[in-house]
Every structure is written in structure tokens, then in C-alpha cells.
Amino acid sequence: MPYSVSPIGFVRSCFKEKFAIPRQPQLAPAARGVLELIAPFDNGEAVQGLEQVSHVWLLFLFHQALEDKPRLKVRPPRLGGNQSVGVFSTRATHRPNGIGQSVVKLDKVEPGKLWLSGIDLLDGTPVLDIKPYVPYADSLPDAYNRIADSTPALISVTWQDDALIQANSHSQRLTEPLVELIEQCLAQDPRPAYQKPAPERRYGARFWDVDVHWHYPQPGSICVLDVLLAD
Ligand code: SAM
């Protein structure tokens, strides 16, 4: 029997497209956004008490990955994109009911608005619920996951001189830590693992209102080429 759920708000995020979003929260602390609550939850009563909480769980819809036909097996990027495992052993976006969950830092609370960082959420993501992180119950020192047993390896990120000047200037205009955001996201190596990019191949993604381009001068390192205001 179907049940229906409705968003309580939507995320305004630094990530304007799926590519280059970190694969989990907390991997890019400079990734920021605002959860804008909708009526009746935009009333300050709904968030009263949250100022005593450092992190929250967000339950949300992968609204740009919803599918009619449920998948039983998926190929997580974590395993290189060519090994399939049961959908319930992964945090893949393509999953029954399309529900995601992320622990994010709660930087500021206002009636109708939560300022967040360390997010892995696309701009416009519909949020279904907010729950406070409860350290004594949610942090499990003995827990293990042999599919994803440690934080992903980072690759080195360097800048062309002009690109760094552009990024610093947009950072000041946006009053956002844009250089850190780009470095933290690209260090995760957003490229699918099976791609072996030639040095001349350019990759790009949009953060806030700027388009960032980079290439792989050699395997295992990224160089940022330009950071330009999007059209
Ligand atoms: N932390 C969440 C979880 O475990 O349920 C999300 C993990 S999922 C592997 C992270 C990826 O979801 C990001 O890299 C991004 O590409 C994608 N994503 C984020 N928001 C999305 C949305 N609203 N619709 C579709 N894909 C989204």
C-alpha cells in the first residue's frame, strides 16, 4: 500500500549539478547551503531548541535520480563503478523510494531557515524531515563497513595562477569559501573511476554561480584551469 510524504523544505546549495558533489557529507566542510522551510514549518516554533544541536540528520529525496523501476543491484563509484552489489548494501542514489540521509553541520538557525555546511546535496533537494544528531546513539566506535571502510583517498589539486585569482575574487563577491570548496570537492576526484582521462580532456562543474574547469595533467592529480561566472 502506498504512503505519501511531502517536503518540509528545500535546500539552496552550492552544488548546481550532481557531478563533483562529494559522495558523502562531511567530506567538504566548505560545502554550504541553506535549508528553507515551507509553511507551516517556517514558523520559528518548529526549530525551537535546534540552537542546542551541532549537527542534524536530513532525510531527503534524490529528486534528480528518481526511477519507476526499482534496481536490486547497483555499481557504486566506491567500488570503481564496475562491480555490482545489492542496493541495500550501498548508499547509491538510485534506490527504492529515492530517500537519502546525510549528517550535516548546523551553523545557524533562524525561523524558517537552517544554515548548513559539510553538505552533499544538490540545489533544490526536497527535504522530508530533520532530526538532531544524537552522539551517544549515532556514533558507534565498534561499527565497520567492509565495502566502504575508510574515507576515500584524496588526489592533489593545483591551480593555474589565473584560476586562483578568479576563484579568490568570486569568493569575496559571494562571501563564500570558494577556493576551499573547489579544492575539497576536486580532491575527492569526481571522475568515474573507469575513465582514464587524457591530459587535454577538460572537466567542469558549477559551484554557486561559477563554472569551474580542470584537467588531469597526470594520473592522480588535478589542475584547476579557470573559474568563470556562469552564463
Ligand atoms: N549521504 C546521502 C546518503 O547516504 O543517502 C547521499 C549519498 S549519495 C552517494 C551522494 C550523491 O548524491 C552526491 O554525490 C550527488 O551526486 C547525489 N545527489 C545529491 N543530491 C541529489 C539529489 N537531490 N538528486 C539526485 N542526486 C543527488
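Under 5 Å between amide H atoms, partner at least 5 residues away or on a different chain: which partners does Phe207 have, H built in plane at 1.01 Å?
For Phe207, whose amide H was placed from the backbone, the distant partners under 5 Å are Val212.
Quick one: compute the contact order of segment 93-132, relative version, from alpha carbon pairs under 8 angstrom and 6+ residues apart, as a percent.
In percent, rounded to a whole number, it is 27.
For the chain, rounded, prolate or oblate, judged on the Cα gyration tensor with a ≥ b ≥ c (square roots of eigenvalues), a/c < 1.5 rounded, else prolate if a/b > b/c?
Here the chain falls in the oblate category.
How far, in nm, would the chain grow between Leu128 and Asp42 when pulled straight, counting 0.36 nm per residue and subtracting the alpha carbon separation?
Here the segment from Leu128 to Asp42 would lengthen by 29.6 nm.
Taking Lys16 as the anchor, which aspartates and glutamates have their alpha carbon closer than 19 Å to its alpha carbon, excluding any fewer than eight residues away along the same chain?
Glu36, Asp120, Asp123, Glu176, Glu180, Glu183, Asp189, Asp209, Asp211, Asp226, Asp231
Can you sort Arg23, Arg173 by how many other beta carbons sit within 10 Å, fewest first?
Arg173, Arg23
Over segment 118-231, what is the relative contact order in whole percent, taking alpha-carbon pairs under 8 Å and six or more residues apart?
26 percent
Compare Tyr144, Tyr216, Tyr194 in a GNM of the chain, Cα atoms joined below 10 Å, and give the one with the largest fluctuation.
Maximum among the listed residues: Tyr144.
Among Thr93, Thr125, Thr175, what is the fewest-to-most ranking by other Cβ atoms within 10 Å?
Thr175, Thr93, Thr125
Sorted by mean Cβ packing within 10 Å, highest first, what order do the peptides 131-139, 115-123 take?
115-123, 131-139
Over the chain, what is the relative contact order in percent, taking alpha-carbon pairs closer than 8 angstrom and at least six residues apart?
In percent, rounded to a whole number, it is 26.
If I take R0 = 22 Å and measure r between the Cβ atoms of Arg71 and Thr151 in this structure, what FRET efficiency does the formula 1/(1 + (r/R0)^6) give, to the nearest 0.05?
Computed FRET efficiency for Arg71 and Thr151: 0.25.
Readers should treat all values here as calculations from the given coordinates under stated rules, not as data from a laboratory. Every value quoted in this text rests on a predicted model; they were computed, and no experiment measured them. All Cβ positions, even for glycine, are placed from backbone atoms using ideal geometry, and neighbour counts span all protein chains on display.
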